[in-house]
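S.K.: Sharing a structure with you now.
The values are calculated or read from the model by the stated rules, or taken from the named source; none is laboratory data. Remember, predicted model here, so these are calculated numbers, not experimental data. For neighbour counting, all protein chains shown are included, and Cβ atoms are generated from backbone atoms with ideal geometry for every residue, glycine included. Accessible surface areas use protein heavy atoms only, side chains included; no ligands, DNA or RNA. Shrake-Rupley method; radii C 1.70, N 1.55, O 1.52, S 1.80 Å.
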Amino acid sequence: MDSGAATSGVVPRGRVAAMVAFGCQGFVFISTTTRLPLFSERWGLGELSLSGLLLMVVLLAGLGSVVAERFAVRRDSATLLRSGFALMAVALVLTVVEVWPVFLLGLALYGVALGLVDASTNMQAVAVEHALARPVLPSMHAGWTFGGILGAGLTLATPGVPVTALGVVAVVPLAAVAAPYLRRVGSPTVSHDVAVPWRPIVMVGLAMVLFYMVDTAAATWGPTYLDRTFPTPTSLLALATFPYLIASLVARMAGDGLVRRHGAVRVLRAGAVVSAVALLLVVAAPTWPVAVVGFTLLGLGAAVIAPLSFSAAARIAGDGVDDPLLRQARVDVVIGRFNQFNYVGGLLGAVLTGVVGADNLRYGFAVPLVLILLVWPLATYFAPVPTDAATQPGTRPGAPPGAQTGTSVQ
């Protein structure tokens with residue numbers, strides 16, 4: 001389709017569908033993780049056993065992302081996303097069955113579905129951004145944050161509900177299967193080993209690793225930090241993460257306009273500085289309210305790193321490919337593999353913060369404080385190549401190149 005057709009309704013509907021997909025994923029993920037204590041109590045799991053199950057989910061999510069990558073050449077992301085959501089719905093139902101092997105199977109399937117949905121949702125997002133020829137990834141990722149806030153709110157509002165009620169959440173991914181996602185027209189006959197400039201993509205991926213290190217550290221260890229370091233009321237421990245999520249939502253909703261006006265490089269560098277100041281407040285906080293302010297500022301500074309990373313990786317992967325069908329297939333393959341940086345950062349954030357801060361979590365949060373500053377030099381790789389993109393109709397320097405073709409909504 002041409003750019004006029006793209007903006008007449010097809011791509012905007014696809015954009016809304018992708019944002020809904022992000023929201024469903026965030027809602028299910030937070031709804032599940034915030035009920036982990038209930039699962040732990042049901043099965044009598046200790047901290048070591050629970051950590052082992054979480055590790056299994058993360059590793060299988062990586063496998064799901066690999067599956068998305070392998071199928072991305074001959075199956076479009078809309079099909080992959082629908083398959084992932086259907087599998088997620090089945091998995092959620094199995095996790096509430098009071099039979100240990102069935103619970104384990106459900107948790108394992110959820111891990112695979114999580115990776116499949118994570119990768120294919122971002123494939124949808126970068127296709128929409130390319131079609132609209134302007135930055136939209138930050139606001140689309142805001143859908144995940146909004147869904148996560150709703151999931152956390154649901155858990156807080158239903159403290160006495162048994163864990164079996166989590167099966168009702170399966171309705172959410174099941175409904176997401178029917179959304180009008182962007183479809184790829186035709187089937188490209190290309191090999192899986194497409195030529196991709198991996199070095200700049202890896203450098204962009206390192207920035208995403210740094211974000212997920214910070215994000216996981218805040219989400220996993222933030223409440224524990226408030227609990228162990230200060231005389232924080234138990235009822236207020238969630239303030240380490242809830243304001244962080246709200247601030248992340250604000251930053252991502254404002255991110256599209258900030259990138260259009262100032263460019264990704266400046267936005268990322270400003271975010272790195274704000275994040276470092278925020279973590280300095282957390283580490284040096286004399287009282288728990290000061291630490292909460294630090295976590296809130298951290299959400300404002302770091303939230304746009306992940307969506308801009310996916311955007312940059314897609315742009316780099318698609319540079320120099322004239323055939324729209326081949327370009328989208330190559331970008332989908334790259335996004336499937338690029339999504340692995342998500343899980344690497346999450347694991348590092350959880351482990352490094354915990355290990356270094358075993359005796360004092362102030363030291364644990366000093367690790368992301370130092371590492372987040374590496375986003376400053378890495379931001380260079382987010383700058384668009386000033387070649388064809390600036391001369392193509394409907395584009396401007398700094399925006400994703402050209403309008404997407406060969407897509408439809410189904």
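S.K.: When you look at Leu81, is it among the hydrophobic types (A, V, I, L, M, F, W, C), touching a residue at least 12 places away in the same chain (Cβ under 8 Å) and more than 22 Å from Cys24 (Cα to Cα), yes or no?
M.R.: no
S.K.: Suppose the filter is open to solvent by less than 40 Å² (accessible area, probe 1.4 Å), in contact (Cβ under 8 Å) with a residue 40 or more places away in the chain and part of a helix (DSSP H, G or I); does Gly106 pass it?
M.R.: So Gly106 fails the test.
S.K.: Oh, and also: Scan the range 27-61 for residues that are small (Gly, Ala, Ser) and farther than 18 Å from Phe341 by Cα and jot them down.
M.R.: Within the range 27-61, Ser31, Ser40, Gly44, Gly46, Ser49, Ser51, Gly52 qualify.
S.K.: Pick out the one residue from Ala91, Ala72, Ala86, Ala133 that is out of contact with any helix residue (DSSP H, G or I) (no Cβ under 6 Å at 6 or more places or on another chain) and open to solvent by less than 10 Å² (accessible area, probe 1.4 Å).
M.R.: Residue meeting the stated conditions: Ala133.
S.K.: Any idea which of Leu45, Leu38 is more than 16 Å from the chain's Cα centre (by Cα) and touching a residue at least 24 places away in the same chain (Cβ under 8 Å)?
M.R.: On inspection, the qualifying residue turns out to be Leu38.
S.K.: I would also like to ask the following. Quick one: how many residues across the range 16-48 are open to solvent by 40 Å² or more (accessible area, probe 1.4 Å) and of a type in the set (A, V, I, L, M)?
M.R.: Qualifying residue count for the region: 5.
S.K.: Check Tyr212 against each of (1) farther than 30 Å from Arg42 by Cβ; (2) touching a residue at least 24 places away in the same chain (Cβ under 8 Å) and name the one condition it does not meet.
M.R.: Single failed check for Tyr212: (1).
S.K.: Suppose we filter Ile372, Ile335 for residues that are in contact (Cβ under 8 Å) with a residue 24 or more places away in the chain, under 16 Å from Leu137 (Cβ atoms) and of a type outside the set (D, E, K, R); which single one remains?
M.R.: Going through Ile372, Ile335 in turn, just one is in contact (Cβ under 8 Å) with a residue 24 or more places away in the chain, under 16 Å from Leu137 (Cβ atoms) and of a type outside the set (D, E, K, R): Ile335.
S.K.: Moving on to the next point. For Thr155, indicate whether it is among the polar types (S, T, N, Q), part of a helix (DSSP H, G or I) and surrounded by fewer than 16 Cβ atoms within 10 Å (Cβ to Cβ).
M.R.: no
S.K.: A further question on this structure: Could you tell me which of the residues Tyr225, Tyr212, Tyr244 is aromatic (Phe, Trp, Tyr) and either farther than 26 Å from Arg362 by Cβ or open to solvent by 30 Å² or more (accessible area, probe 1.4 Å) (or both)?
M.R.: Tyr212
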